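First the structure, in the form of structure tokens, and then the observations on it.
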Amino acid sequence: MAVATTAGEPHVSTEVRRDLYELMVLSRVFETEAERQYKAARIGGYCHLSSGQEATTVGTMHALQPDDVLVTGYRCHGFALARGVSPEAVMAELFGRSDGCAHGRGGSMHLLDVGRGYYGGWGIVAGQLPVATGLALGLVRQGRSQAVLCELGDGAVNMGAWHESLNLAALWHLPIVFLIVNNEYGMGTSVGRASAEPELWRRASAHRMHGERVDGDDLDAVIEASDRLLRVAREERRPAVLEAVTYRYRGHSVADAGLAYRTRDEIAERQQLDPIVRVRRQLRDRGFDEEQLDAIDRDVDERVEAAVAFADASPEPPVERLAAGMYAPGSDDQFARMRPGSPFGEEALTFDGGLGA
Amino acid sequence: MSAVAERETATEVMTYREALRLALREELARDERVFVMGEEVGLFEGSYKVTAGLMEEFGPDRIRDTPISEEGFVGAGVGAAMLGERPIVEIMTINFLLVAMDQVINHAAKVGAMFGGEVRCPLVIRTPNGAGNQLTAQHSQSFDGWFAGTPGLKVVAPATPADAKGLLKSAIRDDDPVLVIENLPIYKQKGEVPLDPEHHTPIGRARVARRGSDITVIAHSYATVRSLQVAERLAEEHDVSVEVVDLRSLRPLDMETVAASVTGTNRALCVEEGWPSYGVTAELAARIQKACFDDLDAPVERVGMAEVPLPYAKGLEHAAMPNEDRIAAAILATLGLAA
């Protein structure tokens, strides 16, 4: 029932390809800058970079329609940017500032933009799958014809939540595509050392669900497959698994050099197939000259620089709003009688009031 | 949702189970976004028959049977809630909620704060706790304190049919994730229940269930029922006047009502069906000693489940539970009276 696809016919016009190239470069430059800022201690916590995975990120986000729903794991900067969240809002979130897309509450792993149908960046491996399944159920209940794209890593397919979510999605005919971004390593454990069935897409068949694998570094192949599967999800309410095989150049997170479990040669070899270089070459074949392409790169550099400046200028979230947003408006009244005997300092927490930047 | 007081209204005597069903039926009829999801809630009519008849009335899409897949469908509730639906997820007993802990604690409870208030999660999880039917170690537990100790959740635990209806309705209309802890032994108990569909019990308000002057017993869920029985018994046998505060909500916790009562009686006994260490009674004792330090004439006492996995043999099970004899003994000891 499922066949691994190869790159189909180019799906996109040259103009669109140019824009997608720009988004891919934006993702790469943003990640490079995020690593620099992390090392300068202006970004804290975990910081998972997706350099090398841009064709998968940008290709699937091109196929996802504006009113569709997106859910991702924690390697989510690229997805947020490709979904249209501004580099300013993402960088400010990484900086932990008020103007971040989660107002400095979420950080690198918990980006979101509900207005763009992006329901989070989630940090527990496979935990986002049941949530995404529920969003798909919500779409059906509301009589909407959109679909959910749920991103996960190759490490997530060995979690129980994966199986439970696929079963529910298939059983209930939910409009959802589970996108496995197989970058070949779950932290430092290769797919071969983690999965008894290393062709991860085949696991869909356990739930009589369509599954397929695509070259995640081939922009056209990613667009073709994700567009087709999302269409089926929307129009026929049939869920699917799409496994995009790609590679991450950097470590699991910025704190990981990424060399304990693979060689420099392996990384260098994979960089030969760099997805951005491939799209740049396609644009050159379609009439762009080096100067035009360099101009795009320069624009992106400036946008990322501006994002850093914006983030740097954005105010720290005020400490007196520590608990704001945790509970819905009206909850302060419910909690008002909890104060007597509270632990030191807890009496002051309040939930009401907006966090809007 | 603010201070809508409980209204004067016509009542009818019904069981706790029927009161829950009435709340579900009223809210399902009122709001299309409300739907019920869980194991055996539809065709089987509910493992404890709370949802009996609802599938017939509202159809299989709104009374949705699930596979045995708690992590999956609790998470599905989180996602549907984030999209603006009003899911009510039934977990057959609180013991099975443990396999969905990641979705409850790491997901539902985090939505509001972690995403900076940009999206809400109006999810209700209903589940009974409780022991007493020789169900043994894996099916007799009460983890109320675990959930009540988690910022981002709200936790309510009704002890009467009226509050079962009133608190479930408040939970369904609340914009945050609310865990409604029901109780196996109380499902069949009867009481007056207001029939007004707009009647609800506000979250975060305790109830003085019995007036008294010698000691305050603070309890919730089935421990309230036990404590009220003990209070009557001690009034007769020992001429002791016991005040009983029924917490009704665990998070938020109505410490104002607790502190006002203890200030009046000068003694406090906290009772729960769960293990007391790090539990609801531990939290209460800490807060009472701080809020009522100058008013206490005796140390705050606690009674809970004996700290063992619950055994099967009937005699052992009874001895382990916070039974009426143990509560009575603790009250008398706190008052310095001999049993």
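What to note about this one:
- Restricting attention to the protein assembly as shown, lysine pairs at least eight places apart or on different chains and with alpha-carbon atoms under 24 angstrom apart total 14.
- On Cα atoms only, tilt of B:161-173 relative to the major axis of chain B in degrees: 50
- Put the Cα centre of the range A:167-244 next to the Cα centre of the range B:119-165 and the gap is 37 Å.
- By definition, a body whose alpha carbon gyration tensor gives a ≥ b ≥ c is oblate when a/c is 1.5 or more and a/b is not larger than b/c, and the range B:110-197 fits this oblate description.
- Degrees between helix B:70-82 axis and first principal axis of chain B (Cα, 0 to 90, nearest 10): 70
- Cα centroid separation - the range B:39-72 against the range A:295-328, whole Å: 46
- Under 15 Å from the B:Glu198 label point (7 Å along Cα→beta-carbon), backbone N, the range B:7-27: B:7-10
- Here's the picture: charge each Lys and Arg Cβ at +1 and each Asp and Glu Cβ at -1 in the range B:120-273, and of B:Ile172, B:Ser213, B:Val271 the one pushed furthest to the positive end of that dipole is B:Ile172.
- Chain A - share of DSSP beta bridges that are antiparallel (%, nearest 5): 10
- Residue among B:Gln141, B:Gln229, B:Gln103 with the largest mean-square fluctuation in a Gaussian network model of chain B, springs linking Cα atoms under 10 Å: B:Gln229
- Antiparallel content of DSSP bridges confined to the protein assembly as shown, in %, to 5: 20
- For the pair the range B:167-226 and the range A:25-94, the centres of their Cα atoms are 47 angstrom apart.
- Efficiency of FRET between A:Gln65 and A:Arg202 - r from beta-carbon atoms, R0 35 angstrom, step 0.05: 0.80
- Mean separation of Cα contacts under 8 Å (6+ apart) over length of chain A, as relative contact order %: 23
- With a Förster radius of 56 Å applied to the C-beta separation of A:Glu269 and A:His173, the computed FRET efficiency comes to 0.85.
Any read-out appearing in this document is the output of simple, stated calculations on the displayed coordinates, not a laboratory observation. Computed from a predicted model, the values in this text were never measured in an experiment. A quick note on method: Cβ atoms are made from the backbone with ideal geometry, for glycine too, and the neighbour counts reach across all protein chains shown.
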